[in-house]
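Taking it in order: structure first as structure tokens, then the write-up.
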Amino acid sequence: MPFGGPDWLALTQEPVLEPEIPICDPHHHFWDRRPEWLPYQRYLLHELAEDMNSGHNVRSTVFIEARSMYRPDGPEELRPVGEVEFVQGLAAASASGLYGPGRAAAAIMGHADLKLGDRVQPVLEALQAASPNRFRGIRHSVGWDPHPDLAKRDIPGALSTDGYRAGARILAKMGLTLDNSPGV
């Protein structure tokens, strides 16, 4: 039974508390055949809908970038647009009501490399075009550790670089949000 898989999760059943309270799940991911160390390789709309419809009153969710479904080619800085395109499609499927009353990915947080500085604007515009009604901003994880066994999401001191700060100003000017939460 792999850690994190559905069999492992089913070992403990918790009661639903206060099912009348409406919930927005503020952080989830989608991926299929994720090539990383996580043992659960698929979490898409069917799996999320099962979780959303498990007794709690989950009305909506916010998708947070997961480095999944990136474009396989084209300019490196535009590859994350593929993930937002993919999630926009899943969100539209959820909005059909076919998967239950909750709305998956009612808001989408993509990824753009703020270290691009002023050159990040076309990337942000492409992300907005990929999801004109749900895209709200980006997650740019800046965690870093010298230990060789730990994932390194960015360079040491990323927040203090001139490029990152210039990119953050562009993000703010466009009215978009920034999430610095660490990622796996």
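The values are calculated or read from the model by the stated rules, or taken from the named source; none is laboratory data. Small disclaimer: the values here were computed from a predicted structure and weren't measured. Here Cβ is always computed from backbone atoms with ideal geometry, including for glycine, and neighbour counts include all displayed protein chains. When the accessible area is computed, the model is the full protein with side chains, heavy atoms only, and any ligands, DNA or RNA have been set aside. Shrake-Rupley method; radii C 1.70, N 1.55, O 1.52, S 1.80 Å.
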- [ ] Just one of (1) more than 12 Å from PHE63 (Cα to Cα); (2) of a type outside the set (Gly, Ala, Ser); (3) open to solvent by 40 Å² or more (accessible area, probe 1.4 Å) trips up LEU124, so point out which.
- [x] (3)
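Yes/no matrix, rows are residues, columns are (1) free of Cβ contacts under 8 Å to residues at least 12 places away in the same chain; (2) among the acidic types (Asp, Glu); (3) out of contact with any strand residue (DSSP E or B) (no Cβ under 7 Å at 6 or more places or on another chain):
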residue	(1), (2), (3)
ASN53	no, no, yes
SER68	no, no, no
GLY74	yes, no, yes
GLU77	no, yes, yes
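At pLDDT below 95 and crowded, with 17+ Cβ neighbours inside 10 Å: does that describe TYR99?
Details: at pLDDT below 95: no; crowded, with 17+ Cβ neighbours inside 10 Å: yes.
No: the conditions fail for TYR99.
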Task: Odd one out for GLY163, checked against (1) part of a helix (DSSP H, G or I); (2) under 16 Å from ARG67 (Cα atoms) - done: (2)
Open item on the list: Where the second residue is of a type outside the set (Lys, Arg) and open to solvent by 70 Å² or more (accessible area, probe 1.4 Å) and the first is under 20 Å from ALA49 (Cβ atoms) and lies in the range 13-35, which pairs have Cβ atoms under 6 Å and are six or more apart or on separate chains?
Closed with: VAL16/HIS56; ILE23/HIS56
Open item on the list: Looking only at the range 15-42, filter to residues that are open to solvent by less than 50 Å² (accessible area, probe 1.4 Å) and among the aromatic types (Phe, Trp, Tyr); which one of those is modelled with the lowest pLDDT?
Closed with: TRP31
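Would you point out the residue of the range 71-85, among those that are part of a helix (DSSP H, G or I) and either open to solvent by 60 Å² or more (accessible area, probe 1.4 Å) or of a type in the set (Gly, Ala, Ser) (or both), that is farthest from LEU116 (Cα to Cα)? So that I can check it myself, show each step before the final result.
Step one: of the range 71-85, the residues part of a helix (DSSP H, G or I) are 76-78, 81-85.
With the extra rule that they be either open to solvent by 60 Å² or more (accessible area, probe 1.4 Å) or of a type in the set (Gly, Ala, Ser) (or both), the set shrinks to 76-77, 82, 85.
Numbers: GLU76: 11, GLU77: 8, GLY82: 19, GLU85: 21 Å.
The residue in question is GLU85.
Do we find that ALA91 is open to solvent by 20 Å² or more (accessible area, probe 1.4 Å), in a helix (DSSP H, G or I), modelled with pLDDT of 95 or more and of a type in the set (A, V, I, L, M) in this structure? Break it down into steps so the answer makes sense when it comes.
On the way: open to solvent by 20 Å² or more (accessible area, probe 1.4 Å): no; in a helix (DSSP H, G or I): yes; modelled with pLDDT of 95 or more: yes; of a type in the set (A, V, I, L, M): yes.
Judged against the criteria, ALA91 is not a match.
Specify which of the listed residues (ALA105, ALA112) is touching a helix residue (DSSP H, G or I) at 6+ places or on another chain (Cβ under 6 Å), crowded, with 20+ Cβ neighbours inside 10 Å, of a type outside the set (Lys, Arg) and on the phi > 0 side of the Ramachandran plot. Break it down stepwise before answering.
Working: ALA112 fails: on the phi > 0 side of the Ramachandran plot.
ALA105 is the lone residue from the list that is touching a helix residue (DSSP H, G or I) at 6+ places or on another chain (Cβ under 6 Å), crowded, with 20+ Cβ neighbours inside 10 Å, of a type outside the set (Lys, Arg) and on the phi > 0 side of the Ramachandran plot.
Is it the case, given these coordinates, that ALA105 is farther than 19 Å from PHE30 by Cα and either at pLDDT 95 or above or among the polar types (S, T, N, Q) (or both)? Lay out the reasoning, then the answer.
Numbers: farther than 19 Å from PHE30 by Cα: no; either at pLDDT 95 or above or among the polar types (S, T, N, Q) (or both): yes.
No; evaluated as a whole, the condition is false for this residue.
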Open item on the list: Going by what's in this entry, would ASP149 be described as modelled with pLDDT of 95 or more and over 29 Å from GLN88 (Cα atoms)?
Closed with: no
TODO: Would you confirm whether any residue within the range 168-177 is in contact (Cβ under 8 Å) with a residue 60 or more places away in the chain and in contact with a Gly (Cβ under 9 Å, 6 or more places away or on another chain)?
DONE: yes
